[in-house]
Amino acid sequence: MGTESTQVIRVVMNGVTGRMGYNQHLVRSVLAINDDGGVPLSGGSGGSTVKLEPVLVGRSDAKLRDIAERHGIMDWTTSLDEALATLKDGGGIYFDAQITSQRAEAVKKALAAGAHVYMEKPSGATSAEAAELADEADRAGVRHGVVQDKLFLPGIRALKSLVDGGFFGRILSVRGEFGYWVFEGDWRTAQRPSWNYRKEDGGGIVLDMFPHWTYVLEGLFGAIEAVTARAVTHIPRRWDEGGAPYDATADDAAYAIFELAGGVVAQVNSSWCVRVHRGELLEFQVDGTEGSAVAGLRDCVAQHRGVSPRPVWNPDIPNVSRFPDQWQPAPLDGEPGNAFRLQWEMFVRHVAEGAPFPHDLHAGARGVQVAELGLRSSGEGQRVEVPAR
Ligand SMILES: NC(=O)c1ccc[n+]([C@@H]2O[C@H](COP(=O)([O-])OP(=O)(O)OC[C@H]3O[C@@H](n4cnc5c(N)ncnc54)[C@H](O)[C@@H]3O)[C@@H](O)[C@H]2O)c1
């Protein structure tokens with residue numbers, strides 16, 4: 001007692017009028033953290049906590065004012081320079097959830113202003129841009145990070161705990177299935193922004209999802225050593241937010257094989273053109289010599305070798321096996337929590353007390369590199385190895 005204190009860190013948040021910036025980062029992370037009293041630091045820091053002071057930045061003064069008024073936020077501006085200037089004494093954070101193509105330029109300004117930087121993935125529009133940003137952040141001597149939210153999902157955390165506990169024996173393969181139907185936008189509005197479907201605006205499912213697969217595979221099973229992918233545009237015409245038709249120039253589905261260090265083979269389907277017949281929008285099945293598991297966003301189930309049923313191929317009789325019922329829930333230690341918020345808390349501890357944070361811009365750049373190599377593999381019709389960096 002007596003040593004408790006509250007530190008305030010200013011966070012310049014760019015892109016908060018967007019889907020991710022508003023819902024996941026502003027409301028469910030930064031404001032939710034403050035509502036719950038801040039991020040507690042480790043005991044070594046005298047029981048102190050960190051509260052976050054958001055400064056909203058964007059292109060529309062009216063939209064920013066509306067958000068600020070709704071949430072009682074004091075600072076907003078359409079000038080990034082002005083917002084960064086308020087971080088005068090260093091120690092503040094710049095957060096970027098703008099569309100991908102706008103990210104690098106803004107982050108470079110933040111680095112020049114001495115801010116720690118945290119951002120949505122992908123951390124660059126090209127792997128060269130993402131790698132350069134990582135090096136520049138190192139040179140600036142600030143803390144840096146990229147959103148890797150899937151690692152913080154309850155289902156994936158339970159899966160990681162099975163991997164760490166040696167449940168699988170030797171892991172043989174991983175199969176990932178991600179996707180759902182995104183409406184074209186004509187008779188029913190699309191659930192995703194139209195820039196996602198325009199290559200010239202940084203869209204495409206490969207650039208969007210391969211960075212996620214990179215850190216999930218790397219974090220649980222091993223680094224990606226080679227990629228073979230086929231990226232396609234199944235639906236070439238869509239309708240935008242204003243109801244106007246446009247040419248979908250970016251890939252909307254990708255079928256990929258990732259070869260991992262240690263010999264695990266991972267196949268991941270990513271598609272905005274499939275209808276869902278599975279437990280969750282994203283599922284990974286992991287098969288190992290001693291057991292298997294299937295993890296989604298929320299849940300994870302497992303089946304051990306000792307209790308694996310013996311399936312027999314016989315289409316001449318009705319199927320009596322209820323395969324999904326033959327699995328046991330895999331436990332999650334701790335509260336599920338919001339994945340984005342958990343990573344925000346980790347980044348805040350990284351900034352405030354140097355706690356470990358492996359999700360840095362170099363990790364982010366590896367994800368963009370794999371996306372780029374996936375597109376190259378698809379274009380050339382061949383397997384591409386990931387060069388060591
Ligand atoms: N971690 C995840 O699971 C996840 C999921 C979806 C998107 N994302 C990433 O988050 C970022 C934002 O995606 P979103 O789905 O929230 O997009 P969105 O279109 O809803 O929001 C984009 C934001 O960028 C701003 N912006 C700045 N310059 C712009 C321009 N020239 N044109 C259009 N908008 C501009 C917009 O005002 C808005 O605030 C992207 O980089 C995307 O890859 C991450």
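The values are calculated or read from the model by the stated rules, or taken from the named source; none is laboratory data. None of these values were measured; they are calculated from a predicted model. Note that each Cβ is placed from the backbone with ideal geometry, even for glycine, and that neighbours are counted across all protein chains shown. All accessible areas refer to the heavy atoms of the entire protein, side chains included, with ligands and DNA or RNA removed. Shrake-Rupley method; radii C 1.70, N 1.55, O 1.52, S 1.80 Å.
Across the stretch 220-233, coupling constants 3J(HN,Hα) worked out from phi with the 6.51/-1.76/1.60 Karplus curve, θ = phi - 60°, read 10, 10, x, 5, 6, 9, 8, 9, 10, 9, 10, 9, 9, 10 Hz, and Gly and Pro carry x.
Taken one residue at a time, the phi angles of the stretch 171-179 give Karplus couplings (6.51, -1.76, 1.60, θ = phi - 60°) of 6, 9, 8, 10, 10, x, 10, 10, x Hz. Gly and Pro are set to x. Listed by chain and number, the lysines whose C-alpha is less than 25 Å from the C-alpha of K160, apart from same-chain residues fewer than 8 away, are K121, K150.
Hey, what number do you get for the chain at 222 nm if only DSSP H runs of n ≥ 4 count, each worth -39500 (n - 2.57), divided across all residues, to the nearest 500? Computed ellipticity for the chain at 222 nm equals -8500 deg cm²/dmol.
Once the 1.4 Å probe is applied to the protein heavy atoms, the chain comes out at 47 Å² accessible per residue.
Working from Cα pairs under 8 Å separated by at least six residues, relative contact order for the chain is 20 percent. Between I93, G176, W195, the Cα set farthest toward the positive side of the dipole of the stretch 84-238 (charges on each charged residue's Cβ, about the Cα centre) is that of G176.
At full extension, W313 and R139 could sit 56.6 nm farther apart than now, given 0.36 nm per residue minus the alpha carbon distance. Judged by the mean number of other Cβ atoms found within 10 Å, the most tightly packed of the peptides 364-376, 211-223, 234-246 leads the ranking 364-376, 211-223, 234-246. Using the Karplus relation 6.51 cos²θ - 1.76 cosθ + 1.60 with θ = phi - 60°, the per-residue 3J(HN,Hα) values for the stretch 326-339 come to 8, 10, 9, x, 9, x, 10, 7, x, 6, x, x, 8, 4 Hz, with x marking Gly and Pro.
Give the carbon-plus-sulfur fraction of the accessible surface of the chain in %, rounded to a whole number; probe 1.4 Å, heavy atoms of protein chains only. That share works out to 51 percent.
Inter-part distance, the stretch 34-103 to the stretch 255-292, computed on C-alpha centroids, equals 36 Å. Once the Cα-Cα distance is subtracted from the 0.36 nm per residue extended length, the V276 to F323 segment shows a gain of 15.1 nm. Run through the DSSP bridge list for the stretch 7-124 and note the antiparallel percent, rounded to the nearest 5. Of those bridges, close to 10 percent are antiparallel. Close amide-amide hydrogen proximity is noted between E53 and I9, R10, V11, each under 5 Å apart and 5 or more residues distant or on a separate chain (H modeled in the peptide plane; Pro and chain starts excluded). Ordering 140-146, 107-113, 79-85, 203-209 by mean Cβ neighbour count within 10 Å, with the highest value first, yields 203-209, 140-146, 107-113, 79-85. Normalised by the number of residues in the stretch 1-154, the average gap of Cα pairs under 8 Å and 6 or more apart makes the relative contact order 21 percent.
Take every pair of alpha-carbon atoms less than 8 Å apart whose residues are at least six positions apart; their mean separation over the length of the stretch 191-304 yields a relative contact order of 21 percent.
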